[in-house]
Amino acid sequence: MSLKTKVEEAIKNAMKAKDQDALRALRAIKSLILLAETAEGKSGELTNDEEIKLLTKAAKQRKESAEIYKQQGREDLLKKELDELAIIEQFLPKAISDEELKVKLQEIISRIGATTAKDMGKVMGVANKELVGQADGKKISDMVKSLLS
């Protein structure tokens, strides 16, 4: 089942439950999907990787906004962003733990034959493709850096 179909089903359920917070977040996701599908050069349907990247970007935006609102003491807007983030995360793949990430990165490093920090770009390219949506890019980068040094 595509992400678009899942989101449309969730929108119906949120409408029946009269859950305005969930409805707002789900409509934002649907809007992102429609914009991505109709972008110049797109065929109409999104691949699974494109869907995950879209959701990851939306989740990251919510986290950054929440951090800003927290610094400014805007509890009302902070709650709104965190609620939307929780809805978005329901559609993302489960994040892997630090230990699982380390094991996967070590496997990628040995497969590629990386030995020094100069090989970081090769490792990051493969890691970002294989671990899309499962771990934050900065977290992956930091761990690769420590493993190669």
Expected 222 nm ellipticity per residue - DSSP helices of 4 or more, -39500 (n - 2.57), all of the chain, to 500: -24500 deg cm²/dmol
P(r) histogram, all alpha-carbon pairs of the stretch 37-136 included - 10 Å bins from 0, percent: 14, 31, 30, 21, 4
Point-to-point label distance, Thr5-Val132, nm (Cα→Cβ direction, 7 Å offset): 2.0
Table column - 3J(HN,Hα) (Hz), the stretch 65-77, Karplus curve with 6.51, -1.76, 1.60, x for Gly and Pro: 5, 4, 4, 5, 5, 5, 5, 8, x, 9, 4, 5, 6
Within the chain, longest stretch clear of exposed GluC sites (Glu not before Pro) (DSSP loop, no more than 15 other Cβ within 10 Å): 46-149
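Evaluate 2.2 N^0.38 Å with N set to the residue count of the stretch 98-148, then give the Cα radius of gyration divided by it.
Numbers: Rg = 9.4 Å, N = 51, 2.2 N^0.38 = 9.8 Å.
Cα-based Rg divided by the globular estimate yields 0.96.
If exposed means no more than 12 neighbouring beta carbons inside 10 Å and the site is in a DSSP loop, what's the longest run of the chain without any exposed trypsin sites (Lys or Arg not before Pro)?
Working: sites that count: Lys18, Lys42, Lys94.
Looking at the chain, 95-149 is the longest stretch - no exposed trypsin sites (Lys or Arg not before Pro) with at most 12 other Cβ atoms within 10 Å.
Starting from the Cα gyration tensor of the stretch 1-83, take the square roots of the eigenvalues, sort them a ≥ b ≥ c, and report rounded, prolate or oblate (rounded when a/c is under 1.5, otherwise prolate if a/b is larger than b/c, else oblate).
Values: a/c = 2.90, a/b = 1.43, b/c = 2.03.
Since a/c reaches 1.5 but b/c is at least a/b, the shape of the stretch 1-83 is classed as oblate.
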Pair Ile68, Ser149: separation of 7 Å Cα→Cβ label points (nm): 3.1
Set of lysines with alpha-carbon distance to Lys70 below 19 Å, sequence-local pairs under 8 removed: Lys60, Lys79, Lys80
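Read-outs: derived from the displayed coordinates by stated rules, not from any lab. If you're wondering where the values come from, they're calculated on a predicted model, not measured in any experiment. Glycine gets a Cβ as well: all are built from the backbone with ideal geometry, and neighbour counts include every protein chain shown.
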